[in-house]
1. Which of the residues belonging to the range 515-558 are open to solvent by less than 40 Å² (accessible area, probe 1.4 Å) and among the β-branched types (Val, Ile, Thr)?
2. Would you pick out the residues in the range 101-121 that are assigned to a helix (DSSP H, G or I) and either surrounded by fewer than 18 Cβ atoms within 10 Å (Cβ to Cβ) or touching an Asp or Glu at 6+ places or on another chain (Cβ under 7 Å) (or both)?
3. If you take the residues in the range 401-438 that are in contact (Cβ under 8 Å) with a residue 40 or more places away in the chain, touching a Ser or Thr at 6+ places or on another chain (Cβ under 7 Å) and of a type outside the set (Val, Ile, Thr), which one is nearest to Gly372 (Cα to Cα)?
4. Report, by residue number, each residue of the range 23-45 that is surrounded by 14 or more Cβ atoms within 10 Å (Cβ to Cβ), without any contact (Cβ under 8 Å) to a residue 40 or more places away in the chain and outside any strand (DSSP E or B).
5. How many residues does the range 543-583 hold that are basic (Lys, Arg) and touching a residue at least 24 places away in the same chain (Cβ under 8 Å)?
6. If the requirement is being more than 23 Å from Arg74 (Cα to Cα) and in contact (Cβ under 8 Å) with a residue 60 or more places away in the chain, which of these qualifies: Gly251, Gly238, Gly245?
7. Among the listed residues Pro312, Pro318, which satisfies the condition of being more than 37 Å from the chain's Cα centre (by Cα) and in a loop (DSSP other than H, G, I, E, B)?
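The values are calculated or read from the model by the stated rules, or taken from the named source; none is laboratory data. Computed from a prediction, not measured in an experiment: that's the story for all the values here. Every residue, glycine among them, receives a Cβ derived from its backbone with ideal geometry; neighbour counts consider all protein chains shown. In case anyone asks, the SASA skips ligands and DNA or RNA and just uses the protein heavy atoms, side chains included. Shrake-Rupley method; radii C 1.70, N 1.55, O 1.52, S 1.80 Å.
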Amino acid sequence: MPGLTSIYVGTAGLKASQTGLNTTGHNLANVYTKGYTRQQTRYQDTTYSLNKPGPNNILQVGLGTAVQETARVRDILLDKAYRQENGRQAFYDATSTTVDEFTTILGEMEGVQFQNALSDMYQAISEMAKQPSNMVARSELVLKAQAFLDRATAVYDEMEAYQRTLNEKVIKTVDRINELGDEIYKLNVQILGIEKSGVESANDLRDKRDLALDELAQYVKIDYNILDDSFVNVKVEGSDFVTPGTVFHLGTIQENGDRDSDFVTVVWPNLSDKEVFYLHTDIETAKKNDIGELKGLLLARGDYVTQYTDVPSEPEKPVKEDFATEADYEAAYQDYLNDYNDYLQEADHYNYYINNSVAMRSEAIFDKLINGIVETINDIMAPNKKESITIGGVTYDDVLVLDEEKASYGVDADGNKIQGVELFSRELTDRYVEVTADDGTTYKIFNNDSNYDLLGGAVPKLGNFFGNKSLYTVSNIQINPIVNVNYGALPFTKYEGNRGEEDLKLGEDILAAWGKPFDNIDPNNMTPLDFNAFYNEYVYNLGNTGQLYEDIARHQEAVTNTIDDSRTQIAGVASEEELTNMIKFQAAYGASSRYINVINEMLEHILTRLG
C-alpha cells in the first residue's frame, strides 16, 4: 500500500531528530572537557520506493532522512601546525629557563652578585699593596680571598647541581613519552575494535588520542599518519615509535666518554642503542631541528660538567725581536704554527660540543675566569721560569721551575726568613716538587700537566691524591694551608743581604695584572679582556642569550596560541550554538510527531469511514 510509506518518513524524522538531540546534549555535557571535539550529526536520504516505472519517467517516493554519521568537527592541518609550533615553543622554553636559572645563580638580578666578590678581592689586594707588612691587611687579603673562593665554589656547584636537575628531568620526560606511546597504542586498539563493524564511531576515544598526540608533540618532533582510517602510526625524530604491532620505547643510558659523565643520553634500544638526537650541529628553524622540549633539555644540559680546560685559548704569536737568532725565532714560529693548528681543532670541538649547551658553556667560561685570577696571582707571588734539566741522563727542555731570583720571601712563626708561598693551592697538591738534577742542582719543579712525564719518572711517589694532573679549577682550589696558619708566609718581603724590606712592587704587580687583558672569553670572542671586563662580558652574553631565547619562545607562544584559537573556533563547543541546535531538533522532533499523528488520523479515517 503506497500510502503507508508516509509513515516511514515521519519515523525517520523522529529518529534523526532524536540523534541530533543526543549529539547536542553530549556536546553541552562536555563544554569544559579538555581535548573534547565538537560532534556534528550528518544526514542523508534514505532509500527510495519506485512506483509505476515507465519508459519516459520513474515515480520515486522518498522514505525520509537517515543519520549518515556523527562526526567530529576538526581540522587536521591545524592539528599538524599546532603540534609543530607547540613543540618548537617547548624547545626554546627549556633553553630560556636554563639561562634564567644560571643568571639567578650568578646573583646579578638578586642582590648577591658575584661581582661583589670580585670587587672585594681587588680592594683587599689594593690595601695589601699599600702596606705589605701589616698583618691586618694580610689577614683581610686572606679572608677576602677565602670569601671569593667560597662564592665561586657556591656558584659553580649550583651550576652543576642544576645541570644534574636537567638530567633528572630528561629521564622523567623520556618516561612520560613512553607512557604516551603506550596510551596511544592502547587507544588505537580500542578505536579499531569499535569501528571495524562500520556501525559506530569512537569519537571520544579519538579525542583522547588527539590529546595524547598534542602532549607528545610538545616533548619530541613527531610525524604521524592514520592507517585504515582508525590506527595512528607515529614516528619520533624519523624513527618508528607507535606501530600496528608494538611501541618502540625510548631508553636512557649513561654517557661513558673520556669525562666519565653519569649524564644520560636518549637512545633507541631496538636499534642497538642508536642515539635519538644529533645535537652537535647548528640549530635552525629552517632545518626543523628546533622542536621538542626533550631536545631542548639535552642541549641545555650538555654531555658533562666542564672546566676551564674545555675553552681553548689562542696561542701567542712569537715576536721576532724577542729572539737572539733567526734560527731560534723560526723554531718558535714553527711551534706556534703547530699549537695554532691544535687550537683550531679544539675551537671546532668547543663550538660543536660545548658552545650550544648553556650549562657547559657557562661552567667552562666561569671556571676560566676563576682559574685566570688564581693563576695570575700565584704566578706573581711564586714566579716560574723555564730551564733545561738533565735527570737520569735524559735532558728535558722548557721545564717550569720556581724563579728564586724573582721570588719574594716570607717569615715563619718565629720571624725567620722562608721562601714565600702562593696564596691559592690545589687540594692535596703541592705547587712544586723538589728534584735534584744530575749536576747536583736542586730545582723546585712546577707540578703540572706539562711536567707529568718528568715528575712521574723522577719522583715515583709524590704524595698527591689527585696525581700530577691536578688543575687549578674551582672545585679543586683552596687557600694555601700554610697561609691560613701563618699570614707572614705570604711573599711580601724583599731581602738585601739579611735585611728585609716591604716588597711594595709585588702588590703593584698584582694590581697591574688585574687591570690587564688576560684572555678572550672563548674562540668566538677574540678580544682579550681583563678580569672585570671578562666577567661583565660573560654576564652580558649569558643575559643576551637568555633574552634571545625568551623572545623566540614568546613569539612561538603567540603563534601557537593563534593556531590553537583557530582550532578552538572549529572544534570547540559553543553553548549558545548548541542550545540553538537543541531548539531546532526539538522543533523537528515535534513536527515529525505531529506529521505521524496526521497520517495516523488519515489512515484511520480511510479505514473506518471509507473502508
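1. Ile521, Val539, Thr545
2. Quick first cut of the range 101-121, residues assigned to a helix (DSSP H, G or I) only: 101-106, 114-121.
Selection gives Thr104, Ile105, Gln115, Asn116, Ser119, Asp120.
3. Arg426
4. His26
5. Looking only at the range 543-583, we keep the residues that are basic (Lys, Arg), and these are 554, 567.
If we keep only those that are touching a residue at least 24 places away in the same chain (Cβ under 8 Å) as well, we get 567.
Here the count works out to 1.
6. Values: Gly238 fails: in contact (Cβ under 8 Å) with a residue 60 or more places away in the chain; Gly245 fails: in contact (Cβ under 8 Å) with a residue 60 or more places away in the chain.
Answer to the check: Gly251.
7. Working: Pro312 fails: more than 37 Å from the chain's Cα centre (by Cα).
Result: Pro318 is the single residue among Pro312, Pro318 that is more than 37 Å from the chain's Cα centre (by Cα) and in a loop (DSSP other than H, G, I, E, B).
Conditions (1) surrounded by 21 or more Cβ atoms within 10 Å (Cβ to Cβ); (2) hydrophobic (A, V, I, L, M, F, W, C); (3) farther than 30 Å from Glu255 by Cβ, marked per residue:
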| residue | (1), (2), (3) |
| --- | --- |
| Ser313 | no, no, no |
| Pro318 | no, no, yes |
| Ile354 | yes, yes, no |
| Ile365 | yes, yes, no |
